[in-house]
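The next block holds one structure in the form of structure tokens; read it before the comments.
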Amino acid sequence: MADGASRILLIENCDFRGFPPGGQTTFARQLVRAFGDRLALVGAATDGEPVGEWIEQEFEGHTVPFLAVGRLRPRADRPLVPARLRFWLRLRRNRRKILASGARYAIALAPETMMAVRDWGLEVCYHFSGVENPLCASRYAWARPLARWFDALHLESASHAALLLAHADPDAIRALAERSRGRLDPSRLHCFPTCVDPELFRPLARLEARRALGLPDEGPVFVAVGRLSRAKGWDLLLASMAQFRGRNGRGLLVFVGDGEDRQHLERASSRLGLNGAVRVTGFQPREGVARWLGAADAVLFASRAEGWSNAMLEALAAGKPIVSTSVSGAAELVRDGVNGFIVPARDPELYARAMEGALDLPGAAAASRALAERYSVQRMAVAHRELWPPLARPAPQDRPLRGWILDVPVAAVTLEGALDRTLEWAERGESRYVCLATVYSLMLARDDPAYRAALTGADMAVPDGMPLVWCLHWLGWKAAGRVAGPDLVPPLLAAAEQRGIPVGFYGGRPEVLEALLRRVRERFPALRVAYAWAPPFRPLTPEEDRRVVREIRESGARILLVGLGTPKQDFWMAAHRGQVPSVMLGVGQVFDLMGGVRRRAPRWMRRCGLEWLYRLYSEPRRLWRRYLPHNPRFLFLLALERVGVAARRRGPLDGMGGRY
């Protein structure tokens, strides 16, 4: 049986560690923390990770498949090409590699992502991180005239999603549905607030936090968190700070973040006479943001438009009063006169009075914390599972990364990786089976649904042949290497001898098995051979099969080498998974090679992917039907996939859609 679950793609233009700083990156990290054992990440590299290559990385305590489609470099100025456009192009260019993960499901957090994947055949859960049209307030003057066209394309793309979640309040969601002009059914739009990590963002001793940051012990400190752009309202905050200091004579405003408007902000601060009263910290990690919030007397928000603000939730979790403009979500998070104030107009004098009032709210800390508890990561995870069934399904079993080649999952492993995983399973006494996938087996799987079920259901189908290794490299699994049976079995037996793992042999002709066992005992004298039998060349009766299972179980063999040939050995292993408490490996010709019956191709032919030609030359009458019809057909089908012509079927067994 297949594992019943697939990895879900989480696609976002970030490194899933904290860059670029902002609400979407924070929410992406929270999703990884909650569902990391179910996710495969598609994002950007910042720390030297390879680009265009699937790797395994540690994120938020989980080992997660990760594909960087491009590279992000920290910069405060505005890039020449908008980040949204650049990420859309990168996603489209890496479509083949992304879909090679075999995933059927995806989570998208941005318009450009939804527009890129809309026609990929994925079931998408789309989060409206903000419900406003982002191009209306674009940093690029040339982009603003395109806002209406962009909005129409964005909302049309969103209508293809299976689930729509909006990080906004009900009023903003209704306005979004009206703006869509029928594209979005209001009943499909779910209000879904963002969340906060209460373990990181919590009340801190204010005096200690100030001293750690080099701030004065006395005097009010206001903190604003986020990107320095006019859309975030830094001009209103500066004008309000000037009003506040004019009436109170002191006060410090700290902008925790960076952005393209930093120089404009600093010049405006100087013009308003706020030298020494305004600081800009630059980009900060989450721990740094938590420290600055701990040092603040109040936290300020002045956005012109905003989705459900992560930064606002973090301020609440830190127990801080909030002063905010009237943006989406503020009415749910700020209780006027209790834990802060909402300023209805963009009036510096009104805003400054609210800042003064926020300093005199004795119950603000408790009220803010109580509100933040409603929006924990744990509660978000529960709500997400209830709304979207793919997240509620069991996590994938312990299997290696797999790339899909012609609708079959092939493990993207090295010889050492396959060896280590086999030994781990054997030492735990698990019933698993490993297939050695070749061009021939992939062609059989394409023609025979029953064989495809056996091959797809394997715990590991390793690439036994250079053509499959080259395909995996082409699909982005650069670390994959060839795992041929004759290369795998000797070190496996040596490791089993060293670790005291009992081994069994099932298959081959009696004389071949006898020669094999003789050579194995000579080479590995301390190896525990617990079981060996050469079955007849006919189907076993049910009674015989039960006897074989009983004998293998009683023998204690934890590794069982099966040499029945393809496809018979794969059918046998699939049928006996769960019955035989061993790791079964279908090793085919290894019995003949190790028994001295046949010779292997020269090393140079193996490196060039020509071992099949050597075997065909050695046994033309037996093998011509295997190689001559199937090898050209394999190349033809790959060529069709390369140009996007061949139909891509979905895997009906395990919910993982094979694409290539």
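Tabulated values for the structure
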{"item": "Mean Cβ neighbour count within 10 Å, used as a protection proxy, ranking 116-122, 10-16 highest first", "result": "10-16, 116-122"}
{"item": "Within straight-line cross-link reach of Lys478, aspartates and glutamates at Cα separation under 18 Å, skipping those fewer than 8 residues along the same chain", "result": "Glu49, Glu53, Glu56, Glu416, Asp464"}
{"item": "For a label point 7 Å along the Cα-to-beta-carbon line of Arg509, residues of the range 521-551 with backbone N under 19 Å", "result": "533-539"}
{"item": "Trp474 accessible area, 1.4 Å probe, all protein chains in place, Å² to nearest 10", "result": "70"}
{"item": "Stokes-Einstein translational diffusion, the range 476-544 - Kirkwood Rh over all Cα pairs, 0.692 mPa s, 37 °C, in µm²/s", "result": "233"}
{"item": "Accessible carbon and sulfur surface of the range 420-479 relative to its total accessible area, %, 1.4 Å", "result": "54"}
{"item": "Segment Ala205-Glu156, length gained on full extension (0.36 nm per residue, minus Cα span)", "result": "12.7 nm"}
{"item": "Cα-based shape type of the range 1-70, given that a ≥ b ≥ c are square roots of the gyration tensor eigenvalues and the cut on a/c is 1.5", "result": "oblate"}
{"item": "Accessible surface of Cys136 - all protein chains present, 1.4 Å probe, nearest 10 Å²", "result": "90"}
{"item": "Cα-centred dipole magnitude for the range 52-147, charges only on beta-carbon of K, R (+1) and D, E (-1), debye, nearest 20", "result": "560"}
{"item": "Rough spin-label spacing in nm, given labels placed 7 Å along Cα→Cβ, for Ala147 and Leu89", "result": "2.5"}
{"item": "Helical mean residue ellipticity (222 nm; -39500 (n - 2.57) per DSSP H run of 4+; nearest 500) of the chain", "result": "-12000 deg cm²/dmol"}
{"item": "Per residue solvent-accessible surface (Å²) - the chain, probe of 1.4 Å", "result": "41"}
{"item": "Surface share of carbon and sulfur [accessible, 1.4 angstrom probe, percent] for the range 502-601", "result": "49"}
{"item": "Acute angle (nearest 10 degrees) that the helix 348-358 long axis makes with the longest principal axis of the chain, alpha-carbon atoms", "result": "70"}
{"item": "Principal axes of the chain: Cα extent on each, largest first, Å", "result": "100, 49, 44"}
{"item": "Angle in degrees between helix 147-158 and the longest Cα principal axis of the chain, rounded to the nearest 10", "result": "40"}
{"item": "Exposure rank, largest accessible area first [Lys232, Lys320; 1.4 Å]", "result": "Lys232, Lys320"}
{"item": "Mean Cβ count within 10 Å, highest first, over the residues of peptides 151-160, 106-115", "result": "106-115, 151-160"}
{"item": "Accessible surface ranking that places the most exposed of Phe636, Phe222 first, with a 1.4 angstrom probe", "result": "Phe636, Phe222"}
{"item": "Integer Hz, Karplus 6.51/-1.76/1.60 couplings in order for the range 537-544, x for Gly and Pro", "result": "7, 7, x, 6, 6, x, 5, 5"}
{"item": "Reach of Lys320 by Cα under 24 Å, taken over lysines that are not fewer than 8 positions away in the same chain", "result": "Lys232"}
{"item": "Rounded accessible area of Ser309 (nearest 10 Å², 1.4 Å probe)", "result": "10"}
{"item": "Nearest-ten-degree value, helix 83-93 long axis tilted from longest Cα axis of the chain", "result": "10"}
{"item": "Packing rank of 533-544, 459-470, 496-507, where each peptide gets the mean count of other beta carbons within 10 Å, highest leading", "result": "459-470, 496-507, 533-544"}
{"item": "Additional length obtainable on full extension of the chain from Asp360 to Arg546, 0.36 nm per residue less Cα span", "result": "59.0 nm"}
{"item": "Label-point gap, in nm, between Ala345 and Leu415 - each point 7 angstrom along Cα→Cβ", "result": "7.8"}
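The values are calculated or read from the model by the stated rules, or taken from the named source; none is laboratory data. A quick note: this is a predicted structure, and the numbers were derived from the prediction, not measured. Here the Cβ is made from the backbone with ideal geometry for all residues, glycine too, and neighbour counts use every protein chain on show. The protein model used for the area step is the full one, side chains on, heavy atoms only, and it has no ligands, DNA or RNA in it. Shrake-Rupley method; radii C 1.70, N 1.55, O 1.52, S 1.80 Å.
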